[in-house]
Amino acid sequence: PVLVVDFGAQYAQLIARRVREAGVYSEIVAHSITAAEVKAKNPVGIVLSGGPSSVYEPGSPTLDPAILELGIPVFGICYGFQVMAQALGGTVAQTGGREYGATPMRIASGHPLVAGQPDDQTVWMSHGDQVSQAPEGFTVVASTEATPVAAFANDERQLYGVQWHPEVKHSEFGQRVLENFLHDCAKIPADWNSENVIETQVALIRKQIGTSRVICGLSGGVDSAVAAALVHKAVGDQLVCIFVDHGLLRQDERRQVEEDYVRITGIRLVTVDVREQFLTALAGVSDPETKRKIIGREFIRTFEQAERDLVAEADADGQPIKFLVQGTLYPDVVESGGGSGTANIKSHHNVGGLPDDLQFELVEPLRALFKDEVRAIGRELGLPHEIVGRQPFPGPGLGIRIVGDITQERLDLLRKADAIVRFELTAAGLDDEIWQCPVVLLADVRSVGVMGDGRTYGHPIVLRPVSSEDAMTADWTRLPYDVLAKISNRITNEVAGVNRVVLDVTSKPPGTIEWE
Ligand code: XMP
């Protein structure tokens, strides 16, 4: 792999994605990694991320300098660039030349790191400190007005760095520079693609599962659909999918899974109807975390019951089913601090939190992947756009989109509003622009309205359209007013009990995407 060393903030994840977009497999590691640990991972290259600190501040994150002596090509970005400069004998200083945002830069054309691009270009800067003097043996390959050393290179040692942020789209030739580093400077071939991932995963899944049976909870979402298709490719009919109808689903979701997905994949599906069980367990509960825990617990109970039923089937071998497939993605792993020592932001699970005494061994074939890679694999496996292109929908479903306690009536109401929103956004051709659009019912809030010549006292519906690349950060999507008007009109007219539609205009952070 290419190792992306995380110096804090959320740059590392974006860089890891960009490296993969360049066709090279990447993994995020903590900056505390030692040279020996790096060597053990046998990386073909290293990228040092940016971060919020100053290299000369006490306690700022450091890098084992021996990593730069391993003979592995290194590319430093922003803070990582400064760490590199300092470790190699250059000078980092606060020169007053603070730059933030789009900045004109001039490159010293001819160097492979900046090959194939115009001499004058715009890059995204965000720094107070700068490298005032490049280390000995390094050539300066770009500068801006305030930053004489905006990029440097040492071809002999294969060490490179840039002060600006090539991973953000505002840097015109950012991806090109990253690709130049990977392919031309470090000579790493672009061979990370869906086909290879499928091949590798299929082999791993076969090895893990052997001849046992395995179950997979299908949620109707992209991740579990692709995970199941991958496992099915690996072990065929050893896989049985369980679709849990917990009553927190969106309109038409069950039919879509039961008919479309099964027809396309040929996977055996068992639907369990546990709507009553979930509703009873959730009755009177309005605290979000409590809801999540109850839903997680009931999910697992349902899987365990389904497993017992499958074992008891007449033509079964009577052996317990040990394996449970989960559509866990790389950002879930990173956000939970898993494996890389990065910050624990919060734990997301497809099933809303797994108990410690889980009786299943997990099969997680998507654990190393980002959402867009999962979609590409789904397409490669032959899944249609209706499944692969679906917007993310949380495992706890509509249960965490009702602010207040959950009742049948409220669920039905929210389902109607949600269906209208989805229909209108699709009709307006906005699906690709929107990462997802939660529709939230404020069941604990009522406001006065007027309809015909009567007073109403109803609930508001919140629209939460967001644009995002990986759900770690998001911005609210600027939907056209006419689309908003249409949605608002339809909801207030067609959904009894709702007399107001409001728009959430908060980015993430500080808001999360979901309301609970
Ligand atoms: P937040 O609300 O944390 O959501 O900004 C980030 C993304 O994760 C989804 N989400 C979940 N997905 N189980 C899931 O499978 C969960 O418990 C869960 N909670 C949030 C959310 O829809 C968004 O895409």
| task | Among the residues of region 472-505, count how many are within 16 Å of the ligand (Cβ to nearest atom) and in contact with an Asp or Glu (Cβ under 9 Å, 6 or more places away or on another chain). | result | 3
| Does Pro510 satisfy being within 16 Å of the ligand (Cβ to nearest atom), of a type outside the set (Phe, Trp, Tyr) and not assigned by TED's automatic domain parsing to the domain that holds Asp332? | yes
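Among the strands (runs of 3 or more DSSP E) confined wholly to region 98-201, which include 2 or more residues that are among the aliphatic types (A, V, I, L, M) and surrounded by 22 or more Cβ atoms within 10 Å (Cβ to Cβ)?
Output list reads 99-107, 120-127, 139-143, 151-154, 159-162.
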| task | For region 405-419, enumerate the residues that are within 21 Å of Pro465 (Cα to Cα), away from the ligand (no atom under 16 Å from the Cβ) and either of a type in the set (A, V, I, L, M, F, W, C) or assigned to a loop (DSSP other than H, G, I, E, B) (or both). | result | Leu411, Leu413, Ala417, Ala419
| request: Give the residue, chosen from Val440, Val450, that is in contact with a Lys or Arg (Cβ under 9 Å, 6 or more places away or on another chain) and not in a loop (DSSP other than H, G, I, E, B). | output: Val440
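Within region 219-264, restricting attention to residues that are polar (S, T, N, Q) and crowded, with 21+ Cβ neighbours inside 10 Å, which residue is nearest to the ligand (Cβ to nearest atom)?
First pass over region 219-264, keeping only residues polar (S, T, N, Q): 219, 224, 238, 251, 256.
If we keep only those that are crowded, with 21+ Cβ neighbours inside 10 Å as well, we get 219, 224.
Values: Ser219: 7, Ser224: 9 Å.
For region 219-264, the residue satisfying everything is Ser219.
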| message | From the list Pro480, Pro460, exactly one residue is under 31 Å from the mean Cα position of the chain (by Cα), surrounded by 13 or more Cβ atoms within 10 Å (Cβ to Cβ) and within 19 Å of Ala417 (Cα to Cα). Which is it? | response | Pro460
| query | Residue check, Val240 against (1) without any contact (Cβ under 8 Å) to a residue 60 or more places away in the chain; (2) not in a loop (DSSP other than H, G, I, E, B), all met but one. Which one? | reply | (1)
| Does at least one position in region 453-469 carry a residue that is in contact (Cβ under 8 Å) with a residue 60 or more places away in the chain, within 16 Å of the ligand (Cβ to nearest atom) and assigned by TED's automatic domain parsing to the domain that holds Leu411? | yes
| task | Could you please find all residues in region 52-90 being of a type in the set (Asp, Glu) and modelled with pLDDT of 95 or more? | result | Asp64, Glu69
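Test Arg275 against the stated conditions and say whether it is surrounded by fewer than 17 Cβ atoms within 10 Å (Cβ to Cβ), outside the structural domain of Asp405 (by TED's automatic domain parsing) and in contact (Cβ under 8 Å) with a residue 12 or more places away in the chain.
Yes.
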| message | Step by step: first the residues of region 278-295, then only those that are under 28 Å from the mean Cα position of the chain (by Cα) and not in a helix (DSSP H, G or I), then the one that is surrounded by the fewest Cβ atoms within 10 Å (Cβ to Cβ). Which residue is that? | response | Asp287
| field | Unique residue being among the β-branched types (Val, Ile, Thr) and farther than 17 Å from Leu383 by Cα when the list is Val285, Val257, Val262 | value | Val285
| query | What pairs come up if the first residue lies in region 26-46 and is assigned to a strand (DSSP E or B), the second is polar (S, T, N, Q), and their beta carbons are under 7 Å apart, counting only those six or more places apart or on different chains? | reply | Ile28/Gln13; Ile28/Ser340; Ile28/Thr342; Val29/Ser340; Ala30/Ser340; Ala30/Thr342
| What residue, among those in region 421-452 that are β-branched (Val, Ile, Thr) and away from the ligand (no atom under 16 Å from the Cβ), is farthest from Val498 (Cα to Cα)? | Thr426
| note | In region 53-65, residues that are surrounded by 13 or more Cβ atoms within 10 Å (Cβ to Cβ) and assigned to a loop (DSSP other than H, G, I, E, B) total 8
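The values are calculated or read from the model by the stated rules, or taken from the named source; none is laboratory data. In this text, all values refer to a predicted model and were calculated from it rather than measured experimentally. Cβ atoms come from the backbone with ideal geometry, glycine included; neighbour counts cover every protein chain shown.
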